[in-house]
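What follows is a short report on a single structure.
The values are calculated or read from the model by the stated rules, or taken from the named source; none is laboratory data. Because the structure is predicted, anything quoted here is derived from the model rather than measured. Accessible surface is based on the protein model in full, side chains and every heavy atom, while ligands, DNA and RNA are left aside. Shrake-Rupley method; radii C 1.70, N 1.55, O 1.52, S 1.80 Å.
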Amino acid sequence: MKKLVYAFLSLALLVPSVASAKTPLQKAREKAHKEKLKEYKKEGWKPLGTKTMELSLLEHYNKLDQLGENGHEVEGISTQTKSINTGKQMAINNAVVTYGQEAGSTLQGRVVSDMSANGVSTDAEFENFFAAYERLVEKEIRGEMQPSFTIMKENPDGSYQIRTFFIVEENAAQKARLRALEEAMKNSQVAAEHADQISNFVRQGLDE
């Protein structure tokens, strides 16, 4: 009996140690979870679906914790639609376009800066290449973007605001960007001439 009591006491003493072993990232996630929950409720946002707001956020941040640096949050927004379903689809499309624009803009910034430093002119053909890459990223990343949770709020005129949040796994996203890059280079001679250098930017995740 005494051994059993000692076992329970030992377990009780271990619990605080386990709780205090949280990483700074986990602590930051917990703080973000509480702040976002409070913010959304105050602003009148409601979860779209069967899960509560608290559970949706908890699962969302838990997945981000599990993925660590391999997890990337993306948000899509629809500001004014009469149909909730239409609004949700518009939010998804917005997230895809936003991701593509960010990828294209950042890659362009890196390439232009590096090429200019080496005396290479980034003319109109480069502009066409960046635009093509951006569109292809949108196409490729769509299949990697699975909705995590969606919230909604009714506007004074009866229309709806929709916000859908995604978690993109960076390993899969990088492959999607590389597929987009390979396709974009097929129709760009100037990009093909600097293929290795541009590919390195994408592989290193510099277009995030």
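Per residue, the accessible area of region 56-208 comes to 51 Å² when a 1.4 Å probe rolls over the protein heavy atoms.
For the residue pairs K82/K153; K36/K175; K27/K153, the C-alpha atoms sit more than 22 angstrom apart in K36/K175; K27/K153.
Surface composition of region 104-203: carbon and sulfur make up 41 percent of the accessible area, probe 1.4 Å.
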